1. Among what's in region 44-92 and is of a type in the set (D, E, K, R), open to solvent by 30 Å² or more (accessible area, probe 1.4 Å) and at pLDDT 95 or above, pick the residue that is nearest to I8 (Cα to Cα).
2. I'd like to verify a number: residues in region 240-249 that are closer than 16 Å to G264 by Cα and open to solvent by 10 Å² or more (accessible area, probe 1.4 Å), how many?
3. Working only within region 80-118, note down all residues that are away from the ligand (no atom under 15 Å from the Cβ), within 11 Å of the chain's Cα centre (by Cα) and not in a strand (DSSP E or B).
4. Can you pull out the residues in region 193-230 that are more than 19 Å from L243 (Cβ to Cβ) and either among the hydrophobic types (A, V, I, L, M, F, W, C) or buried (at least 20 other Cβ atoms within 10 Å of the Cβ) (or both)?
5. What about G255, is it out of contact with any Lys or Arg (no Cβ under 8 Å at 6 or more places or on another chain), crowded, with 20+ Cβ neighbours inside 10 Å and either at pLDDT below 95 or not in a helix (DSSP H, G or I) (or both)?
6. Based on what the data block shows, is G233 in contact with a Cys (Cβ under 9 Å, 6 or more places away or on another chain) and at pLDDT 95 or above?
7. As an exercise: evaluate G140 against (1) touching a His at 6+ places or on another chain (Cβ under 9 Å); (2) within 16 Å of the ligand (Cβ to nearest atom); (3) within 26 Å of L251 (Cβ to Cβ) and give the number of the one condition it does not meet.
8. Filter region 219-239 down to the residues that are more than 10 Å from the ligand (Cβ to nearest atom) and free of Cβ contacts under 8 Å to residues at least 40 places away in the same chain and list them by number.
Amino acid sequence: MESLTVSIQELVQWYDKAKQEAIAAEISPSEVDWLLQEVAGLNKLSLRLGSSQARALILLQQPLSVLTQLWQQRLRDRTPVQYLAGIAHWRHFSLKVAPGVLIPRPETEIIVDLALNAIQNSPNLELASGNWVDLGTGSGAIALGLAKILTKATIYAVDISDEALAIARQNAIALGLAERINFYQGSWWSPLETLKGQVSGMVSNPPYIPTNAIAELQPEVAQHEPHLALDGGSDGLDCIRHLVTLAPDYLVCGGIWLIEIMAGQAEQVVRLLQEKGCYDKIQIFTDLAGIERFALAYRG
Ligand code: GLN
């Protein structure tokens with residue numbers, strides 16, 4: 001078996017080389033720190049503190065050869081580090097991820113806070129203790145965020161992919177939230193027929209990238225993330241149109257409709273909601289970078 005201890009000297013050498021390779025490959029050098037932390041259990045501080053004692057030995061959770069192999073895969077195949085480590089951090093969760101699920105993005109984190117604000121801005125405070133659905137749950141991120149913040153709600157997490165649902169379930173179990181979430185396999189609303197007229201809120205990060213634009217995304221996304229979670233059809237709005245059309249059958253009066261959208265889609269999504277004729281108080285929210293990222297409406 002390969003040694004799990006390395007000298008600090010050897011590790012620092014490895015670290016400096018990997019950082020240079022990152023820069024040369026236009027990858028953020030902070031990914032080297034991230035990988036060391038997640039895969040080897042090492043933090044930057046221990047590396048810095050240790051470097052004053054060149055002969056000190058450091059205990060790794062994985063041999064250096066494994067780290068090297070993962071790092072080469074990062075550089076050569078442009079595999080996202082989150083898939084290499086099998087972990088993504090999102091809100092205060094550590095989530096298991098694999099190539100069958102989209103890596104939850106930092107910009108999506110605030111959708112959970114927007115849901116809470118939407119309840120607080122509604123005259124119907126019972127929404128907080130009703131049924132909430134995360135359609136296209138992927139790794140389960142949004143459903144878990146809702147379960148954590150809406151402590152009295154019943155959460156439903158739906159995905160068409162069995163592989164995604166299995167990961168979402170494992171995440172719920174690991175976070176002690178499995179009792180709070182009902183998982184269903186199926187397309188959008190279809191497994192939730194029995195909840196017609198009884199849903200307090202629908203939250204979703206649906207696929208919204210126009211099919212032709214996918215090939216132009218970074219290789220990390222285009223070549224490694226599931227197109228099922230990205231591809232929104234020819235204009236990117238196929239799934240969004242579906243959610244606009246079907247949600248009114250499921251939402252209670254005053255219920256919340258909240259989704260993530262892509263830069264440039266706000267106007268069209270507002271129009272779709274208006275044309276449907278049964279949504280009130282349609283609003284667009286920006287993410288922390290100021291990009292129009294979320295659409296909110298209430299069932300009239
Ligand atoms: N935000 C993702 C990206 O940047 C896309 C996620 C989605 O389609 N919902 O690729």
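1. Only one residue fits best here, namely R76.
2. Matching residues across region 240-249 total 1.
3. R91
4. Answer for region 193-230, where residues must be more than 19 Å from L243 (Cβ to Cβ) and either among the hydrophobic types (A, V, I, L, M, F, W, C) or buried (at least 20 other Cβ atoms within 10 Å of the Cβ) (or both): A213, I214, A215, L217, V221, A222, E225.
5. Considered against the rule, which asks whether it is out of contact with any Lys or Arg (no Cβ under 8 Å at 6 or more places or on another chain), crowded, with 20+ Cβ neighbours inside 10 Å and either at pLDDT below 95 or not in a helix (DSSP H, G or I) (or both), G255 comes out as no.
6. yes
7. Condition (1) is where G140 drops out.
8. If the condition is that a residue be more than 10 Å from the ligand (Cβ to nearest atom) and free of Cβ contacts under 8 Å to residues at least 40 places away in the same chain, then G233, S234, D235, L237, D238 are the ones that fit.
The values are calculated or read from the model by the stated rules, or taken from the named source; none is laboratory data. This structure is a prediction, so every number in the text was calculated from the model and none was measured. Ideal geometry is used to build each Cβ from the backbone, glycine not excepted, and the neighbour counts take in all protein chains shown. Side chains are part of the model used for accessible areas, which takes the heavy atoms of the whole protein and leaves out ligands, DNA and RNA. Shrake-Rupley method; radii C 1.70, N 1.55, O 1.52, S 1.80 Å.
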